[in-house]
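*Asks:* A single structure is presented below for examination.
The values are calculated or read from the model by the stated rules, or taken from the named source; none is laboratory data. Computed from a predicted model, the values in this text were never measured in an experiment. Because the Cβ atoms are built from the backbone with ideal geometry, glycine has one as well, and the counts that use them run over all protein chains shown.
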Amino acid sequence: MKSKKIKKHSKAVEGQFPLNPSNSDRLTFNATFDDKVFIISNVSYEMLFDQRWEWIIRYDDHGGTEDFHRHERYCLEDESDFPSSNIFVPDITKKKLFEWAINDIKRNYMIYRTKFCKRNSIDLY
């Protein structure tokens, strides 16, 4: 897969915001775009463990390729992950995929949180 080149006068959008009042879960994102190319570098759900943010689920498109996909982190000890092959990804523009990934995390972060914590025997309560 070939990465697409982005023009020098490109724009970037990046940020983060909490997903709950306790501020222990957040969504982070960044993308770069110009009039022809939209690169989704990262849309991720992160949890706070011992004062460190750790990613749990993340979406990317491998530098502007058409390979938009989700990674699920396997364990807290390292950043090894496995691709989520069973997800439905709508056939829409990259900008809409970026928005879709953000909305997916906002809607489903508690499911992702529960699965990750069960897989790692983490009791947050």
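*Asks:* Among the residues of the range 62-93, which ones are within 21 Å of residue 121 (Cα to Cα), among the hydrophobic types (A, V, I, L, M, F, W, C) and touching a Lys or Arg at 6+ places or on another chain (Cβ under 8 Å)?
*Replies:* Answer for the range 62-93, where residues must be within 21 Å of residue 121 (Cα to Cα), among the hydrophobic types (A, V, I, L, M, F, W, C) and touching a Lys or Arg at 6+ places or on another chain (Cβ under 8 Å): just 75.
*Asks:* Additional query: Condition (residue is surrounded by fewer than 18 Cβ atoms within 10 Å (Cβ to Cβ) and either hydroxyl-bearing (Ser, Thr, Tyr) or assigned to a loop (DSSP other than H, G, I, E, B) (or both)) applied to the range 95-112: is it met by at least one residue?
*Replies:* No; the residues of the range 95-112 include none that is surrounded by fewer than 18 Cβ atoms within 10 Å (Cβ to Cβ) and either hydroxyl-bearing (Ser, Thr, Tyr) or assigned to a loop (DSSP other than H, G, I, E, B) (or both).
*Asks:* Do the conditions hold for residue 77, that is, is it touching a strand residue (DSSP E or B) at 6+ places or on another chain (Cβ under 7 Å) and among the charged types (D, E, K, R)?
*Replies:* On the way: touching a strand residue (DSSP E or B) at 6+ places or on another chain (Cβ under 7 Å): no; among the charged types (D, E, K, R): yes.
Answer is no for this residue.
*Asks:* Condition first: among the charged types (D, E, K, R), modelled with pLDDT of 90 or more and touching a Pro at 6+ places or on another chain (Cβ under 6 Å). Can you find one or more residues in the range 19-26 that meet it?
*Replies:* Yes: the range 19-26 contains one or more residues that are among the charged types (D, E, K, R), modelled with pLDDT of 90 or more and touching a Pro at 6+ places or on another chain (Cβ under 6 Å).
*Asks:* Can you name the number of the only condition in (1) surrounded by fewer than 17 Cβ atoms within 10 Å (Cβ to Cβ); (2) in contact with a helix residue (DSSP H, G or I) (Cβ under 9 Å, 6 or more places away or on another chain); (3) modelled with pLDDT of 80 or more that residue 12 fails?
*Replies:* That leaves (2) as the condition not met.
*Asks:* Are any residues in the range 69-92 at pLDDT 85 or above and either of a type in the set (Gly, Ala, Ser) or assigned to a loop (DSSP other than H, G, I, E, B) (or both), and if so, which ones?
*Replies:* Across the range 69-92, the qualifying residues are 74, 75, 76, 77.
*Asks:* Looking at (1) of a type outside the set (Phe, Trp, Tyr); (2) surrounded by fewer than 18 Cβ atoms within 10 Å (Cβ to Cβ); (3) at pLDDT 90 or above, can you tell me which one residue 57 breaks?
*Replies:* (2)
*Asks:* Considering each residue of the range 15-36, count those that are farther than 16 Å from residue 104 by Cα and either small (Gly, Ala, Ser) or surrounded by fewer than 16 Cβ atoms within 10 Å (Cβ to Cβ) (or both), and give that number.
*Replies:* Initial filter on the range 15-36 (farther than 16 Å from residue 104 by Cα): 15, 21-24, 31-36.
After this cut, where a residue has to be either small (Gly, Ala, Ser) or surrounded by fewer than 16 Cβ atoms within 10 Å (Cβ to Cβ) (or both) as well, the list is 15, 21-24, 31, 34-36.
Of the residues in the range 15-36, 9 are farther than 16 Å from residue 104 by Cα and either small (Gly, Ala, Ser) or surrounded by fewer than 16 Cβ atoms within 10 Å (Cβ to Cβ) (or both).
*Asks:* So, one more: Could you please let me know if residue 87 is of a type in the set (Val, Ile, Thr), under 16 Å from residue 45 (Cβ atoms) and free of Cβ contacts under 8 Å to residues at least 40 places away in the same chain? Step through it out loud before you land on a result.
*Replies:* Working: of a type in the set (Val, Ile, Thr): yes; under 16 Å from residue 45 (Cβ atoms): yes; free of Cβ contacts under 8 Å to residues at least 40 places away in the same chain: yes.
For residue 87, the condition - of a type in the set (Val, Ile, Thr), under 16 Å from residue 45 (Cβ atoms) and free of Cβ contacts under 8 Å to residues at least 40 places away in the same chain - is met.
*Asks:* Could you list, in sequence order, all residues of the range 27-40 that are of a type outside the set (A, V, I, L, M), at pLDDT 90 or above and out of contact with any Ser or Thr (no Cβ under 6 Å at 6 or more places or on another chain)?
*Replies:* Listed by number, the list holds a single entry, 29.
*Asks:* So, in the range 29-48, of the ones that are assigned to a strand (DSSP E or B) and without any contact (Cβ under 8 Å) to a residue 60 or more places away in the chain, which residue ends up farthest from residue 118 (Cα to Cα)?
*Replies:* Result: 32.
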